[in-house]
Amino acid sequence: MSKIPALIDLKELTENKILKLFDLASAIEKKNQIESVRLAPVGLLFFEPSTRTRMSFEMACGRLGLPTLLLSGKWGTSLEKGETLEDTILNIAAMKPSVLIVRAHDELSMKKMAEEVSVPWINAGWGKQGHPTQALLDAQTIRKFVGKLGGKKILFVGDVRHSRVVASHLELSQKLNYQIGVCGPPEFLFSPESHQVRTTQTFDDLEKGLAWADVVIALRVQSERHEHQHHLNQYHQEWGLNEKKLMALNKQGLLLHPGPINHGVELDPQTLKDPRCQVLEQVTQGIYLRQALIKTLLQSPGDLS
Ligand code: CP
């Protein structure tokens, strides 16, 4: 029996497969390609909140001509009556969607469930473990504005330890050969004994990190994942980006943020007007990337596995 395709992390993908996906996404963007794939609806199961990822997957499905079956949060579903996530997934899978796109917290055994349901599966953000399509769309945005990733230096500022986006970039950087730097308050960075510390460069000075980087990705302070609440004013003073601090970043550099932004915490409002800031272009690239991904998963799954 052939393996059911899934994108849960980026470890299995080769550089060639990733580049093929990027090229397909670029072709979709160039032709503004709208398609009419005739298959069963796509199941979107968002057990955690989302705006960009959920709606851009819905948009990608719409552009492919695929209807969607949406579960967003527990309200109005039998999760309210205590049904488990696992049972919910098994029941939606039993309706035979063509793909399941799932956002869930760390406690869900995503890999095990994907194998159990035998339906093509895409990770749309999994606790702190990974957000592969976000890393891919970031990389596609960088390719568009700065050029190929090989040898580039990407600095993540802020809540690195709780970031599934960084987790996926650590995987992707191994495939596309870019360097990762991190800076932020010590309690937001990887613990000194963690294996991630060995593969990243840590800056204790934001200006030095910005001077090193080709691309800076500011991260949302994920207060919902913290045991102790951080003083956001203090965070902004030390690690928030403003136009003055951004003078240290290369003029041809790029400023990204996966969203949602805490305005006046990670980014000053003025930074969004800086020509190097492409946070909305990230969202647009997410549509083409996700359209390319779903299309590949359904029509040429061998290009992903
Ligand atoms: N970047 C991202 O995952 O945003 P949402 O949580 O709004 O989907």
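The values are calculated or read from the model by the stated rules, or taken from the named source; none is laboratory data. Everything numeric here is computed off the predicted structure, so don't read it as measured data. When we count neighbours, we look across all protein chains shown, and the Cβ atoms used for this are built from the backbone with ideal geometry, even at glycine.
Across region 197-221, the qualifying residues are those that are under 18 Å from the mean Cα position of the chain (by Cα) and not β-branched (Val, Ile, Thr), and the one among them that is farthest from Phe145 (Cα to Cα) is Arg220. Run down Ala114, Ala135 and say which single residue is within 13 Å of the ligand (Cβ to nearest atom) and crowded, with 23+ Cβ neighbours inside 10 Å. Ala135 is the lone residue from the list that is within 13 Å of the ligand (Cβ to nearest atom) and crowded, with 23+ Cβ neighbours inside 10 Å.
So that you can scan it fast, the table gives a plain yes or no per residue for (1) of a type outside the set (Ser, Thr, Tyr); (2) in contact with a helix residue (DSSP H, G or I) (Cβ under 6 Å, 6 or more places away or on another chain):
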residue	(1), (2)
Ile180	yes, yes
Leu219	yes, no
Tyr235	no, no
Lys251	yes, no
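For region 172-199, which residues satisfy the criterion of being farther than 19 Å from Leu241 by Cβ and in a loop (DSSP other than H, G, I, E, B)? Once the filter is applied, which keeps residues that are farther than 19 Å from Leu241 by Cβ and in a loop (DSSP other than H, G, I, E, B), region 172-199 yields Asn177, Tyr178, Phe190, Ser191, Pro192, Glu193, Ser194, His195. What pairs come up if the first residue lies in region 39-53 and is assigned by TED's automatic domain parsing to the domain that holds Leu70, the second is near the ligand (Cβ under 8 Å from one of its atoms) and part of a strand (DSSP E or B), and their beta carbons are under 6 Å apart, counting only those six or more places apart or on different chains? Every condition considered, the pairs that remain are Phe46/Arg103; Glu48/Arg103; Ser50/Arg103; Thr53/Ala124; Thr53/Gly125. Being assigned by TED's automatic domain parsing to the domain that holds Ile287, within 15 Å of Trp121 (Cβ to Cβ) and surrounded by fewer than 18 Cβ atoms within 10 Å (Cβ to Cβ), is that true of even one residue in region 12-33? Looking through region 12-33, at least one residue is assigned by TED's automatic domain parsing to the domain that holds Ile287, within 15 Å of Trp121 (Cβ to Cβ) and surrounded by fewer than 18 Cβ atoms within 10 Å (Cβ to Cβ). When the test is whether a residue is among the polar types (S, T, N, Q) and closer than 27 Å to Gln222 by Cβ, Ser78 does not pass it.
The single residue among Glu107, Glu58, Glu83, Glu116 that is touching a residue at least 12 places away in the same chain (Cβ under 8 Å) and more than 30 Å from Gln196 (Cβ to Cβ) turns out to be Glu58.
Restricting Thr88, Thr53 to residues that are within 16 Å of the ligand (Cβ to nearest atom), surrounded by 17 or more Cβ atoms within 10 Å (Cβ to Cβ), assigned to a helix (DSSP H, G or I) and of a type in the set (Val, Ile, Thr) narrows the list to Thr53.
Going through Leu210, Leu272, Leu232 one at a time, which residue ends up being of a type outside the set (D, E, K, R) and surrounded by 19 or more Cβ atoms within 10 Å (Cβ to Cβ)?
Details: Leu272 fails: surrounded by 19 or more Cβ atoms within 10 Å (Cβ to Cβ); Leu232 fails: surrounded by 19 or more Cβ atoms within 10 Å (Cβ to Cβ).
Answer to the selection: Leu210.
The condition (being under 17 Å from the mean Cα position of the chain (by Cα) and part of a helix (DSSP H, G or I)) is satisfied by just one residue among Gln285, Gln234, Gln270: Gln285. Against the list (1) within 15 Å of the ligand (Cβ to nearest atom); (2) buried (at least 17 other Cβ atoms within 10 Å of the Cβ), the condition Leu70 fails is (2). Among residues of region 238-259 that are within 16 Å of the ligand (Cβ to nearest atom), those with a Cβ under 6 angstrom from a residue that is in a strand (DSSP E or B) and of a type outside the set (Val, Ile, Thr), sequence gap 6+ or separate chain, pair up as Leu255/Cys277; His257/Ala218. Considering every residue within region 78-87, establish whether at least one is modelled with pLDDT under 95, charged (D, E, K, R) and out of contact with any helix residue (DSSP H, G or I) (no Cβ under 7 Å at 6 or more places or on another chain). No, that holds for no residue. Within region 260-278, if we keep just the residues that are β-branched (Val, Ile, Thr) and within 16 Å of Asp159 (Cβ to Cβ), the residue that is nearest to the ligand (Cβ to nearest atom) turns out to be Ile261.
Filtering Val166, Val216, Val221 for residues that are assigned to a strand (DSSP E or B), surrounded by 21 or more Cβ atoms within 10 Å (Cβ to Cβ) and not assigned by TED's automatic domain parsing to the domain that holds Arg52 leaves a single hit, Val216.
Restricting Glu48, Glu58, Glu83 to residues that are more than 16 Å from the ligand (Cβ to nearest atom) and of a type in the set (D, E, K, R) narrows the list to Glu83.
When the residues of region 138-163 are filtered to those that are part of a helix (DSSP H, G or I) and not β-branched (Val, Ile, Thr), the one that is nearest to the ligand (Cβ to nearest atom) is Asp138.
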